[in-house]
1. Where in the chain lies the longest segment free of chymotrypsin sites (Phe, Trp or Tyr not before Pro) that are both loop residues by DSSP (not H, G, I, E, B) and have at most 14 other Cβ atoms within 10 Å?
2. Determine the equivalent ellipsoid of the stretch 77-160 by diagonalising the alpha-carbon gyration tensor, then write out the semi-axes as square roots of 5 times the eigenvalues, largest first, rounded to whole Å.
3. For residue 68 and residue 154, calculate 0.36 nm times their separation in residues minus their Cα-Cα distance, and state this gained length in nm to one decimal.
4. Helix 25-34 versus the longest principal axis of the chain: what is the Cα-based angle in degrees, 0 to 90, to the nearest 10?
5. If you average 1/r across every pair of different Cα atoms in the chain and take the reciprocal, what Kirkwood value do you get, in Å?
6. Fully extended, how many nm does the chain gain between residue 12 and residue 131 (0.36 nm per residue separation, minus their Cα-Cα distance)?
7. Accessible area of residue 196, 1.4 Å probe, to the nearest 10 Å²?
8. If you count only protein heavy atoms and use a 1.4 Å probe, how large is the accessible surface of residue 199, to the nearest 10 Å²?
Amino acid sequence: MDRLSILRVNEENKVILQPYQLKNVNESVWKALMNLLFTYRMCNNVPSIIISISKSKILSDQAQTMDDFPQLLMDISYTLTLLQFKPGIIVKATLIHQLQSHLTFLLYDLFNITVQEDELSNNYKWNEEFQSYIFVKTNEVLTKGQEFNLQILQLVGSEFDNRQIEIKGSLKYKQTGITNQENDETDTKIKNIVNKSQLLYQ
């Protein structure tokens, strides 16, 4: 079964700096790049999230002026690490909340995934007494903190704010459901990248 993958992309771009930011150009450029972290990006027709930025470099010692504006433009290069959400891939996520209408899962302690009621198989039934879903085959009550394999249906980014990201999942398919499987090497690598970037972003 297909799982999440990462892709590294080299880019060159311009960053806008205020005159006071020229006191420490490298720090100012880095802070500007940090604004790209955990934002939506479509790459090679695959919805993605930027999870790391590295190898930033200022390409010129001289900044460019912007007509009569005080801001300055600096040419820079950097490497982005993208987490790619191809529709149909399987991810392991942790259950954090459930209502009859939907369940919410957490991926890598950062990204929310929503599974709507109509994306649950017949193996799951809502129980009013427990205010929780039950796995019918074993009569097991779903509880916060359980890990599941989910199928990704769609990752959508807002056209107005690329930080507004919605991830839709499903528990309808054979490979999905409660799992006790250990993280594989790729999962562990991705989680470490995300955790490191979270510390930088704070």
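The values are calculated or read from the model by the stated rules, or taken from the named source; none is laboratory data. Keep in mind that this is a model prediction, so the values were computed, not measured. Neighbour counts run over all protein chains shown; Cβ positions are idealised from the backbone, glycine included. All accessible areas refer to the heavy atoms of the entire protein, side chains included, with ligands and DNA or RNA removed. Shrake-Rupley method; radii C 1.70, N 1.55, O 1.52, S 1.80 Å.
1. Of all site-free stretches, the longest is 1-129.
2. Output for the stretch 77-160: semi-axes of 29, 13, 12 Å.
3. So the chain would gain 26.5 nm between residue 68 and residue 154.
4. On a 0 to 90 degree scale, this one is about 20.
5. 19.1 Å
6. Between residue 12 and residue 131, full extension yields 37.7 nm more.
7. It works out to around 140 Å².
8. Spelled out: residue 199, probe radius 1.4 Å, area about 130 Å².
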